[in-house]
Amino acid sequence: MLQLSERAKNVQGSVTLAIDSQAKQMRQQGVDVVSFGAGEPDFPTPQHICRAAIEAMEQGQTRYTPAAGTLVLRETICKKLKEHNGLTYTPSQIVVTNGAKQALHNAICVTVNPGDEVIVPTPCWVSYVELIRMAGGVPVFVQTREEEGFALQAADVEKAVTEKTKAILLNTPNNPCGSVVGADTLRAIATLAVEKNLIVISDEIYEEFIYEGERPASIATLGEEVKEHVILVNGVSKTYAMTGWRVGYVAAAPVFAKAMANWQSHATGNVNSIAQAAAVEAIGGDQSDVRRMVEEFRQRRDAMVARVNAIPRLCCRAPQGAFYVMVDIRQALGCMFGRTKLTDSMTFAQTLLANKAVAVVPGKAFEAEGMIRLSYALSMADLQRGLDRIEEFMNQLTME
Ligand code: PMP
Ligand code: GLU
């Protein structure tokens with residue numbers, strides 16, 4: 001019999017994307033679904049960015065570019081990292097990727113050997129676990145606790161380090177919790193990385209989505225030696241409502257950047273040339289749309305947190321960043337909806353979708369059983385409509 005590779009057999013599809021396509025398919029069939037599923041900004045890509053893509057096409061920018069990205073885009077990224085993040089990189093240290101997803105894939109593939117351990121604070125975004133496994137690595141989870149606002153503790157990270165640890169995957173602000181790694185914890189992790197010779201893969205895709213206090217500094221700013229250990233990941237999907245354009249990037253020490261560029265030169269070649277031209281305008285152009293979108297997200301966050309906490313058997317904390325709320329459903333587990341027993345986050349999500357046409361992501365996808373994730377990347381009207389339905393659902397639960 002024809003067999004899949006061992007590597008492929010172990011890879012699970014993305015739950016977030018699966019729920020998103022299920023909701024989109026139901027909508028096409030005429031069902032009025034409210035989706036709190038995938039983290040995809042509902043805003044259209046700003047006009048000036050779309051115009052840059054049209055101009056690029058008209059000017060014939062439709063050919064191969066260097067595999068690591070056009071020089072103008074890599075220069076624009078360097079300028080942004082310098083002016084916005086206080087980080088000095090040269091264009092040869094930047095690789096433009098097909099979304100932050102490929103940035104993570106590249107970073108993991110060029111650093112992790114089969115059997116190497118990668119520390120992942122949980123709850124974590126669904127793709128980290130599979131991306132590590134795809135490279136033959138072993139994810140090692142460090143749990144953060146709901147009671148502590150999902151704050152990462154440096155001591156817990158330190159305890160998880162073994163002789164096999166190769167890297168730490170940080171995501172701040174975090175998907176799905178919206179938590180931000182504190183400055184002291186970041187410093188302690190930086191020291192640990194240098195001492196133990198570990199790589200820090202720092203996923204900063206939600207850097208603009210901060211609702212409390214200052215925008216936190218990247219771990220790469222904590223000294224030149226630390227920066228050598230950091231592979232910084234970012235992209236345009238969330239900040240500029242450009243999920244479909246597929247542009248992300250990595251910034252790293254030359255040895256890593258070169259390896260990632262080589263890797264990508266065979267795997268995919270360059271990112272779409274037109275999307276790269278649009279990214280130049282997004283990252284280098286007028287930023288006022290970003291401020292407008294973040295302000296709108298703040299209002300939605302506040303509305304969602306207040307509503308959820310007023311629904312029986314549900315509670316949540318106000319996240320500091322990103323655009324997700326983790327809702328604690330533990331008081332609803334064991335309850336019945338009609339003849340269905342809500343045994344875990346998966347049955348909760350499935351029953352809610354089937355009966356109230358509301359899509360949410362089960363916490364299990366993020367190593368966070370007992371929770372569901374609600375994205376607030378949808379209009380305020382839909383958000384309220386969806387929460388009305390969730391409230392109705394919760395009011396219909398009975399004890400067994
Ligand atoms: N990192 C995190 C934490 C995410 O939530 C996402 C969501 N898509 C990504 C990376 C990848 O983003 P993209 O590939 O669209 O740039
Ligand atoms: N990252 C987003 C999410 O967590 C988009 C979907 C995906 O790529 O996983 O929902």
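The values are calculated or read from the model by the stated rules, or taken from the named source; none is laboratory data. This one's a predicted model, so the numbers in the text were calculated from it and none came from an experiment. All Cβ positions, glycine included, derive from the backbone under ideal geometry; neighbour counts span all protein chains shown. Areas reflect the complete protein model, heavy atoms only, side chains present, ligands, DNA and RNA absent. Shrake-Rupley method; radii C 1.70, N 1.55, O 1.52, S 1.80 Å.
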Quick one: is Q350 open to solvent by 60 Å² or more (accessible area, probe 1.4 Å) and part of a loop (DSSP other than H, G, I, E, B)? no
Just to be sure I understand the filter: pairs with C-beta atoms under 6 Å, separated by 6 or more residues or on different chains, first member in the range 199-214 and at negative phi, second member part of a loop (DSSP other than H, G, I, E, B) and surrounded by fewer than 22 Cβ atoms within 10 Å (Cβ to Cβ). Which pairs pass? I199/T111; E208/T239
Taking the range 373-400, which residues are of a type in the set (S, T, N, Q) and either in contact with a helix residue (DSSP H, G or I) (Cβ under 8 Å, 6 or more places away or on another chain) or not in a strand (DSSP E or B) (or both)? S379, Q384, N395, Q396
Out of the residues in the range 11-20 that are within 14 Å of ligand 1 (Cβ to nearest atom) and farther than 15 Å from A357 by Cβ, which is surrounded by the fewest Cβ atoms within 10 Å (Cβ to Cβ)? L17
Give V112, V96 a once-over and let me know the one that is touching a Ser or Thr at 6+ places or on another chain (Cβ under 8 Å), at pLDDT 95 or above and buried (at least 18 other Cβ atoms within 10 Å of the Cβ). V96
I'd like to check something: does the range 124-134 contain any residue that is within 21 Å of the chain's Cα centre (by Cα), open to solvent by less than 40 Å² (accessible area, probe 1.4 Å) and farther than 26 Å from L17 by Cα? no
What number of residues in the range 128-167 are polar (S, T, N, Q) and under 22 Å from Q320 (Cα atoms)? 3
How many of the residues in the range 241-282 are more than 21 Å from P41 (Cα to Cα), open to solvent by less than 40 Å² (accessible area, probe 1.4 Å) and part of a loop (DSSP other than H, G, I, E, B)? 5
Which condition number in (1) in contact with a strand residue (DSSP E or B) (Cβ under 7 Å, 6 or more places away or on another chain); (2) surrounded by fewer than 19 Cβ atoms within 10 Å (Cβ to Cβ) is the one that G338 fails? (1)
Looking only at the range 312-333, how many residues end up being in contact with a Ser or Thr (Cβ under 8 Å, 6 or more places away or on another chain) and open to solvent by 60 Å² or more (accessible area, probe 1.4 Å)? 1
Output the residue which, of all residues in the range 208-240 that are surrounded by fewer than 22 Cβ atoms within 10 Å (Cβ to Cβ) and within 11 Å of ligand 1 (Cβ to nearest atom), is nearest to I274 (Cα to Cα). S237
Can you spot a residue in the range 217-236 that is within 16 Å of ligand 2 (Cβ to nearest atom) and in a loop (DSSP other than H, G, I, E, B)? yes
Where the second residue is modelled with pLDDT of 90 or more and in a loop (DSSP other than H, G, I, E, B) and the first is under 10 Å from G37 (Cα atoms) and lies in the range 1-27, which pairs have Cβ atoms under 7 Å and are six or more apart or on separate chains? T16/G37; I19/G37; D20/G37; A23/V33; A23/G37
Of all residues in the range 241-260, how many are more than 9 Å from ligand 1 (Cβ to nearest atom), in contact with a strand residue (DSSP E or B) (Cβ under 7 Å, 6 or more places away or on another chain) and closer than 16 Å to I283 by Cα? 3
Residue under evaluation A167, criteria (1) of a type in the set (G, A, S); (2) in a strand (DSSP E or B); (3) within 16 Å of ligand 2 (Cβ to nearest atom), criterion not met: (3)
For the range 347-364, check the following and say yes or no: at least one residue is in contact with a Cys (Cβ under 7 Å, 6 or more places away or on another chain) and of a type outside the set (S, T, N, Q). no
Can you list the helices (runs of 4 or more DSSP H) found entirely within the range 69-134 that contain at least 3 residues being closer than 30 Å to E6 by Cβ, of a type in the set (A, V, I, L, M) and within 15 Å of ligand 1 (Cβ to nearest atom)? 99-109, 126-134
